[in-house]
Structures are given as C-alpha cells and as structure tokens.
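Remarks on the structure that follows.
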Amino acid sequence: MIIGPKISRKFVKVVDDTQVQQCGIDLRVGKIFKIEGEGVLDYSNEKRKLPQYREIFSSQEDIKISLDMGVYLIKVADRIEVPRDTCALVYPRSSLLRMGCTLHTAVHDPGYEGYPEYLLDVKNPITLYRYARIAQILFIRCSGVVGTYCGIYQRR
C-alpha cells in the first residue's frame, strides 16, 4: 500500500508544500554531474568501479543550466529516510518526460538514508533552474522485510 503524503512527508526533508503531491513527494535537483570514464560492475561487487563525475551545476550556487543531449548524474537536494518497514520508488515527473527527458531510478530499500542519485537521460535539450522538481517519490509498506540497506551509498 502506498503511504500518503501526510505521513510520507516525515521521510523527506520537505522545503515547502509545493513538493507535496497527491500520492508522494516531489524531489528537487541538488547537483548535476557529467559522467566521465568507464564503470565496472561484477556479480560480487569486488571489481565494482564507478566512473568519474565532474560537477557542472549546484542549486546552491547556480541559477540555471542548459543541458545538451546525453546522460547526467543527478543528486537530489532532498534528504530521504526510508523506514525499516518501507521501501521507496521514484518516478520522473510527467513534465520532464514531455520535454524529451527521463530519469532512471532504483528501488530505495528499507533503512536507506541520504541524498539519492539518479541518471538523467536528456534526449532533447533542456534548461533546468535551481531546485527544479524533477521526480516524485512514493513510499510503500513492505511485509516480511529481511533486513535493511547497508550498501556503499548509505548516508551519501
């Protein structure tokens, strides 16, 4: 069952009521990075190597950025805390999709805390202003949770 925004706003550091939607909470752009170099991924994560990231935009310092076609790493400005009996799913806002861009996201496991990062896939040039709302997060209660998140992205 999706947890409504009256309760789920406790799980996201919400700046104002504009972020609170009917089913979830909007997430805002914090930083944007250009991905440079090759990543490596294997079964056990022993050989995992992340590519280099070069910061090209910060909502704390910049007003806007125009992005050409390509892929970018987005770090959201909003800290989330997923409760131990809950998971979270993130979807791009429909306005972003209508502009020819999408956001690739992942499941946020029970216990995850931090400023999430997603992949922005720009198929049509776009200008983003500081703290633009680009995604919506939904929190879902989980039954039979085995454990909580303890990966390398915790509290980043």
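The values are calculated or read from the model by the stated rules, or taken from the named source; none is laboratory data. Quantities reported herein were computed from a predicted structural model and do not represent experimental measurements. Here the Cβ is made from the backbone with ideal geometry for all residues, glycine too, and neighbour counts use every protein chain on show.
Looking only at region 88-106, count every residue that is modelled with pLDDT of 95 or more and either assigned to a strand (DSSP E or B) or of a type in the set (A, V, I, L, M, F, W, C) (or both) and tell me the total. It would help to see each step written out before you state the result.
First, pick out the residues of region 88-106 that are modelled with pLDDT of 95 or more: 88-105.
Going one step further and asking which of them are either assigned to a strand (DSSP E or B) or of a type in the set (A, V, I, L, M, F, W, C) (or both), we end up with 88-92, 96-97, 99, 101-104.
Going through region 88-106 one residue at a time, the tally reaches 12.
Would you please name the residue that is surrounded by the fewest Cβ atoms within 10 Å (Cβ to Cβ), looking only at residues in region 1-50 that are in a strand (DSSP E or B), among the charged types (D, E, K, R) and touching an Asp or Glu at 6+ places or on another chain (Cβ under 9 Å)? Among residues in region 1-50 that are in a strand (DSSP E or B), among the charged types (D, E, K, R) and touching an Asp or Glu at 6+ places or on another chain (Cβ under 9 Å), the one surrounded by the fewest Cβ atoms within 10 Å (Cβ to Cβ) is 49. The condition of being among the charged types (D, E, K, R), closer than 30 Å to residue 144 by Cα and modelled with pLDDT of 90 or more holds for only one of 81, 38, that being 81. Candidates are the residues of region 51-98 that are over 17 Å from the mean Cα position of the chain (by Cα) and of a type in the set (Gly, Ala, Ser); the one that is surrounded by the most Cβ atoms within 10 Å (Cβ to Cβ) is 70.
For beta carbons closer than 9 Å, sequence separation of 6+ or different chains, a first residue in region 99-116 that is closer than 11 Å to residue 80 by Cα and a second that is among the charged types (D, E, K, R) and in a strand (DSSP E or B), the qualifying pairs are 111/81; 112/81; 113/81; 114/81; 115/31; 115/75; 116/75.
Report, by residue number, each residue of region 76-92 that is within 13 Å of residue 105 (Cβ to Cβ) and either touching a Phe, Trp or Tyr at 6+ places or on another chain (Cβ under 8 Å) or of a type in the set (A, V, I, L, M) (or both).
Once the filter is applied, which keeps residues that are within 13 Å of residue 105 (Cβ to Cβ) and either touching a Phe, Trp or Tyr at 6+ places or on another chain (Cβ under 8 Å) or of a type in the set (A, V, I, L, M) (or both), region 76-92 yields 76, 80, 87, 88, 89, 90.
Checked against the criteria, residue 75 counts as out of contact with any Leu (no Cβ under 6 Å at 6 or more places or on another chain) and either acidic (Asp, Glu) or not in a loop (DSSP other than H, G, I, E, B) (or both). Is there a residue in region 11-34 that is under 22 Å from residue 147 (Cβ atoms), acidic (Asp, Glu) and either out of contact with any Ser or Thr (no Cβ under 8 Å at 6 or more places or on another chain) or without any contact (Cβ under 8 Å) to a residue 40 or more places away in the chain (or both)? Checked region 11-34: no residue is under 22 Å from residue 147 (Cβ atoms), acidic (Asp, Glu) and either out of contact with any Ser or Thr (no Cβ under 8 Å at 6 or more places or on another chain) or without any contact (Cβ under 8 Å) to a residue 40 or more places away in the chain (or both).
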